[in-house]
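Student: Structure incoming, see below.
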Amino acid sequence: MPFRYAIRTLLKNPGFAAVAILTLALGIGANTAIFSVVNGALLRPLPFEDPGQLAILWETRPGRDQVSLSPGEFEAWDQQNHAFSGMAALDYEVVNVTGRGEPVQSPAGFVSTNFFNLLGTRAALGRLLQPSDSQPGHEPVVVISHGLWEQQYGSDPSMVGRTIDLDDSAYSIVGVLPRGFTFWNYPAVEVWAPAIFPTTVEALHADHHLNAVGRLKPGETVGAAGDDLNTVMAQLGRDYPDYYKGYGASVVSLHATYFSGIQAALLVLMGAVGFVLLIACANVANLLLARAAGRQHEVAVRAALGATRAHLVRLFLTECLVVSTAGGLLGLFFAVWGEDALVRLTRDVLPSVAVVSLDAPVFIFTAAVSILTGVVFGIGPALQASRPDVNDALKDGGRGSASPSRHRLRSALVVAEVALSVMLLVGAGLLLRSFDRLLNTNPGFNPAHVLAAEVTLPERRYADSQQQRAFFDALVDRTRALPGVTRAGLISALPLSGTGYSSSFTIEGQPEPPAGHHASVNNRIVTPDYFQAMGIPLMKGRAFAGTDDASALPVAVINTAMAHHYWPTADPLGQRIRLGEKGAFMTIVGIVGDVRFDAVDQSGADEVYAPFEQSPKGDMTLVLRATGDPLALAGALKAQVAALDRNLPLGNMTTMDNLVSQSTAPRRLNAVLIGSFAGLALLLAAIGVYGVMSYTIAQRTHEIGVRISLGASSGDILRHVLEDGMRLVGVGLAAGLVGAAILSHSLASLLFEVRPLDGVTFAAVPVVLAAIALAACYIPARRAGQVDPIAALRGES
């Protein structure tokens, strides 16, 4: 049986078997690990009923592709479309959960009552929302997450029918969601309640704060659905020109919405580990060619005894499949061993629905890769080994030297290894340089020693602006007085937190733009000490002062980007702007540095800051700058809030260092993983070059002995062997640089302030690889220069 013979043969050569299996295990293990991420993110169906029919709906405006909807807009889409079997609206708020244990702050989803039915979600306990829940006069109801039910209520089944206090309002719990339920950009939502739409025209159409999901009718496409909604939008533009003229609609599949931001990175990672596997295969193929040369006598005997070439090929391929299967099993062990590390690395990058696990599809993938690699790296050596020169191999004096075709194949494999390594190293170099640029990017503030926490005041107890001012003024004063706190301030939307607001705006004295074409600017509300607490520099003018209160003239501070954008040659100080279409004009009194609000790798947008005393809000984020570890102040900060209101929790407490780290997490993941794979590829390529040179010198021992006996010095032999080895490396470097130049453009979307054809990277990679290859060639070349000519000519070496 070929299988039993293959096992016996490999056991007789444990060194060869161990090296070949370990080499393949590294390549297969890396592929298995990354495929588990790709499978969990891109291939696994979303956990909803017929997820391919679900899509996210957006409003579009000139220059903006994805804008939230107004309630009136959603109602028109829902009632007048022809492409969807159903639509649901979603809104997001942060609420205070009180009445049972310590008060906690929780994200809440306010949705159309058909939302869960649209997704095909079933209750784990009780029921979910139904149409009557949103009718006027109906008691407020809520559905809670499985996690909240377990953690806050101890999995008590009697909680269904009891009440929960949200922002001081009693809601009846009607059901518990299944374990692990999350949806899109609402992953942390723990309470879901019916959305109640306003009735006035202004409130229906002016406030754009809703997201929407729709289920396509069978056979409908996202493109056709987008055209259908654009028809509805055109009619809205005619009916309400002050609100929708020039606006449109966009439909994006739910899967694309979840994963469009990471799909390119995952595919690049999959390609990178594919290169590692190809290099591993080339290494093993070279090992097999070397081993086959030493088995020429055995193969010749088999051929002389009647073995056909097909029989010999089958024999060698069986050995290859045994090696690859063992490599696959060991690679699976490596993948299991590294799964925890991979989960930690991807935790801040992958959407919550992505599940990284070694499940059945991953095992099938590993088995398929193992078999495929066995065939790929085995077919060439098997064909070579199954075609022996029987007469030469059976001669007593035959030296068993490699045939020219076998030597060419080994050389081609070395060139391929080096070329693949160059391409992978260039990709890794580009991403590492990109990540280094990102780490050295100034986010516009100093994140060190800054703690942030959200505070949301319930409308029932803090209904008017005076109450809101009084609470937050007292909180800032108390916080500033804490030992170890140097500055404290408030902002309505914290940088890098994923929250924010934008408004249309008008510059006094400039023509009013047409409806639907107002410029947009991000607007933030802050207290006077906020800029100093965050370390945001004042570039010109002044920051806010305590005198900028409700009785003073409205004022504003803008960022540098806005100043350059709208007043490139004039002084913005003293100019007046208005946010929205009915607000008061504000005088610009200062200019501050640009802050990267959305992400560290996204340049600052136009920003307008308004003083909290003139535009109070009930939900603000407190930031404080500490002299030491800011987290050490968490307990004291909670105590100060409790002293002002014992039913008021702090939410999303974090350091700014942590938010910066989360913002850079996707690029860190790319750099770390591809850098690791590139290092592995470099190691395998060096081993491959070393192995080929060592084997070539062993085959040429007689020739080297003749050269030395004819007067060649050790230096001549060393130089000659190095030239042969580095010639192959040079060809591989050239081919790899050409391939890298072509493939580097596919990385463009993953790079930050680095060009795909970055000169430093393309210059450094071949130098590093050439140096390592030279070291790999030098050791066997030096051994060749020390050959004993007498022993070589006798055939003893």
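The values are calculated or read from the model by the stated rules, or taken from the named source; none is laboratory data. Because the structure is a prediction, the values reported are computed rather than measured. We place every Cβ from the backbone using ideal geometry, glycine too, and count neighbours over all the protein chains shown. Ligands, DNA and RNA are excluded from the accessible area calculation, which covers all protein heavy atoms including side chains. Shrake-Rupley method; radii C 1.70, N 1.55, O 1.52, S 1.80 Å.
Student: Need one number: the % of Cα-Cα pairs in segment 413-460 sitting beyond the 12 Å mark.
Tutor: Above the 12 Å cut-off, segment 413-460 has 77 percent of its Cα pairs.
Student: Just need the relative contact order of the chain here, percent rounded to a whole number, with Cα pairs under 8 Å and 6+ apart.
Tutor: Across the chain, relative contact order equals 17 percent.
Student: While we're here: So what are the radius of gyration and Dmax for the Cα set of segment 535-618, in Å?
Tutor: Computed over the Cα atoms of segment 535-618, radius of gyration and Dmax are 13.0, 40 Å.
Student: Counting only protein heavy atoms and a 1.4 Å probe, tell me what percentage of the chain's accessible area is made up of carbon and sulfur.
Tutor: 57 percent
Student: Oh, and also: Taking 22 Å as R0, compute the FRET efficiency from the Cβ-Cβ separation of GLU508 and HIS208 and round it to 0.05.
Tutor: In this case the efficiency is close to 0.35.
Student: Going by average Cβ neighbours within 10 Å, how do the peptides 202-213, 604-615 rank, with the highest at the top?
Tutor: Sorting 202-213, 604-615 by mean packing, highest first, produces 604-615, 202-213.
Student: Also, quick follow-up: At 1.4 Å probe radius, can you tell me the per residue accessible area of the chain in Å²?
Tutor: Accessible surface, normalised per residue, equals 43 Å².
Student: Apply the Kirkwood formula to segment 120-267: the hydrodynamic radius equals the inverse of the mean of 1/r over all pairs of different alpha-carbon atoms; give it in Å with one decimal.
Tutor: It works out to 18.6 Å.
Student: Which helices count as membrane-span-like in the chain under these terms: full DSSP H, at least 24 Å along the axis by C-alpha, Kyte-Doolittle mean of -0.5 or more?
Tutor: Going by DSSP H runs, the hits are 14-38, 222-239, 254-294, 309-346, 360-385, 404-439, 665-699, 714-743, 759-785.
Student: Arranged from highest to lowest average of other beta-carbon atoms within 10 Å per residue, in what order do the peptides 120-128, 446-454 appear?
Tutor: 446-454, 120-128
Student: On to the next question. Taking the alpha carbon gyration tensor of segment 94-189, what are the square roots of 5 times its eigenvalues, largest first, to the nearest whole Å?
Tutor: 19, 16, 14
Student: How many nm separate the modelled label positions at ALA643 and ILE379, each set 7 Å beyond the Cα in the direction of the Cβ?
Tutor: The two pseudo-label positions are separated by 7.7 nm.
Student: State log₁₀ I(q)/I(0) for segment 530-570 at q = 0.35 Å⁻¹ as given by the Debye formula over alpha-carbon point scatterers of equal weight, solvent excluded.
Tutor: -1.21
Student: Measuring from label point to label point, each 7 Å out along Cα→Cβ, what is the ASP239 to GLU150 span in nm?
Tutor: 4.6 nm
Student: If you stretched the chain out fully between GLN466 and ASP50, how much longer would it get, using 0.36 nm times the residue separation minus the C-alpha to C-alpha distance?
Tutor: Net length gain for the segment: 144.8 nm.
Student: Here are some values of P(r) over Cα pairs in 20 Å bins from 0, in percent: (1) 14, 41, 34, 10, 1; (2) 15, 47, 34, 4; (3) 13, 36, 28, 16, 6, 0. Which one was computed from this structure?
Tutor: Working out P(r) over Cα pairs in 20 Å bins from 0, in percent from the coordinates points to (3).
Student: Counting helices only, and only those DSSP H runs with n ≥ 4, report the 222 nm mean residue ellipticity of the chain as the sum of -39,500 (n - 2.57) divided by its residues, in deg cm²/dmol to the nearest 500.
Tutor: -16500 deg cm²/dmol
Student: Taking the Cα centre of the chain as origin, sum charge times position over the Cβ atoms of Lys and Arg (+1) and Asp and Glu (-1), and report the length of that vector in debye to the nearest 20.
Tutor: Using only the charged Cβ atoms, the result is roughly 4080 debye.
Student: Okay, next question. Say R0 is 51 Å: what FRET efficiency, to the nearest 0.05, do THR627 and ARG314 get from their beta-carbon distance?
Tutor: 0.10
Student: Applying 1/(1 + (r/R0)^6) with R0 = 60 Å to the Cβ-Cβ distance of TRP567 and THR200, what FRET efficiency is obtained, to the nearest 0.05?
Tutor: 0.95
Student: Given labels modelled 7 Å from the Cα in the Cβ direction, how far is it in nm from ARG408 to LYS582?
Tutor: 8.3 nm
Student: Still on this structure, I have one more. Give the shape of segment 452-521 as rounded, prolate or oblate, defined through the alpha-carbon gyration tensor: a ≥ b ≥ c are the square roots of its eigenvalues, a/c under 1.5 means rounded, and otherwise the shape is prolate if a/b is larger than b/c and oblate if not.
Tutor: prolate
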